[in-house]
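Below you'll find the structure, written out as structure tokens, and then a few comments.
Throughout, read-outs are computed from the coordinates displayed, never taken from laboratory work. What you see is a predicted model, and the numbers here were worked out from it, not measured in a lab. Here the Cβ positions follow ideal geometry from the backbone for every residue, glycine too, while neighbour counts run over all protein chains shown.
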Amino acid sequence: MKTQWYAILLAVVAMGAVACGDRDPGPSAETQKQADRLAQIQQRTGSDWNKLTPDDKDYLVNQLAHGSESTAKMLLGPPSHKPGKPGGQ
């Protein structure tokens, strides 16, 4: 009888652990703030590195990419081109 209760208790604990593990709180407030600012920069500049303000470049390189300009450029993404324009698709 004691073994059955022990098995049941283990099963309940395991089910609770699985259920709790499924809860995804989503990104932190700071991460969401960074993502929002990156999206604004991408939209305003068309993801064109040459159109970034010095403040935007500083933010991307030093705050998001931890000092790596190449990583900052990757985060910015490829420049968007309008169809029918040179270089567009």
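What is the order of Asp48, Asp24, Asp58, fewest Cβ neighbours within 10 Å to most?
Exposure proxy ranking, most exposed first: Asp24, Asp58, Asp48.
Quick one: if you stick a label point 7 Å off each Cα along the C-beta vector at His66 and Gln40, how many nm between them?
If labels sit at His66 and Gln40, their model points lie 2.5 nm apart.
Order these peptides, 63-72, 29-38, by their mean beta-carbon neighbour count within 10 angstrom, highest first.
63-72, 29-38
Dipole size in debye (nearest 20) for the stretch 30-79 around its Cα centre, Lys and Arg Cβ +1, Asp and Glu Cβ -1?
100
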